[in-house]
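Quick notes on the structure that follows.
The values are calculated or read from the model by the stated rules, or taken from the named source; none is laboratory data. What you see is a predicted model; the values in this text were computed from it and never measured. Backbone-built Cβ (ideal geometry, glycine too); neighbour counts: all protein chains shown. Heavy atoms of the whole protein, side chains included, go into the accessibility calculation; ligands, DNA and RNA do not. Shrake-Rupley method; radii C 1.70, N 1.55, O 1.52, S 1.80 Å.
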Amino acid sequence: DKFQAGTDSNIFLTIQGTTGRINEVRLNPLISGNAFERNETNTISLKGFPAVGQIQSITIRSDDSYPGSDWYLGWVEISGSDIATKRFTLNDWIQKGKLTRTMR
């Protein structure tokens, strides 16, 4: 819960696993209501993608498309029926100069 921590920019996710990769997916339309607001947790279901094995890293990217587009991201947790739950913690801003962040 940080001042001006939400964003209206488009947010993208890439997942790298031991046996494959899910190329960049725009997350905003997968969230009901206003996505990526301050002090909120968004839940997204990704379906129809190939298995990637154990998740090694994720990349989050903002397109910086609106004024005040900075976004404070705490963490991303990925789980599924065929993978172990993995939490990637950032606790930092996604903003100009660091619009793309990779977490391992």
Task: Whichever aspartates and glutamates have a C-alpha closer than 12 Å to that of residue 96, once near sequence neighbours (fewer than 8 apart) are set aside - done: 63, 64, 70
TODO: Identify the trypsin sites (Lys or Arg not before Pro) of region 21-51 meeting these criteria: DSSP loop state and at most 12 other C-beta atoms within 10 Å of the C-beta.
DONE: 47
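What accessible area per residue, rounded to a whole number of Å², is obtained for region 12-77 using a probe radius of 1.4 Å? Walk me through the numbers on the way to the answer.
Numbers: 3860 Å² over 66 residues.
The answer is 59 Å² per residue.
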- [ ] Leaving ligands, DNA and RNA out of it, report the carbon-plus-sulfur percent of the accessible area of the chain at a 1.4 Å probe.
- [x] 44 percent
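For the chain, what is the relative contact order in percent, using Cα pairs closer than 8 Å and at least 6 residues apart in sequence?
Numbers: 209 pairs, mean separation 31.9, N = 104.
After rounding, I find 31 percent.
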- [ ] Provide the net charge surrounding residue 70, with neighbours chosen by a C-beta distance below 9 Å and charges set as Lys +1, Arg +1, Asp -1, Glu -1.
- [x] 0
Task: Gain on full stretching of the segment that runs from residue 8 to residue 85 - 0.36 nm per residue minus C-alpha separation - done: 25.0 nm
Task: From the coordinates shown, Rg/Rh (Cα atoms, Kirkwood Rh) corresponds to which of (1) 0.95; (2) 0.93; (3) 1.01 - done: (1)
Task: Loop sites in the chain: chymotrypsin sites (Phe, Trp or Tyr not before Pro), DSSP, at most 16 other Cβ within 10 Å - done: 3
- [ ] Determine the order of 65, 57, 79 by accessible area, beginning with the largest, at a probe radius of 1.4 Å.
- [x] 79, 65, 57
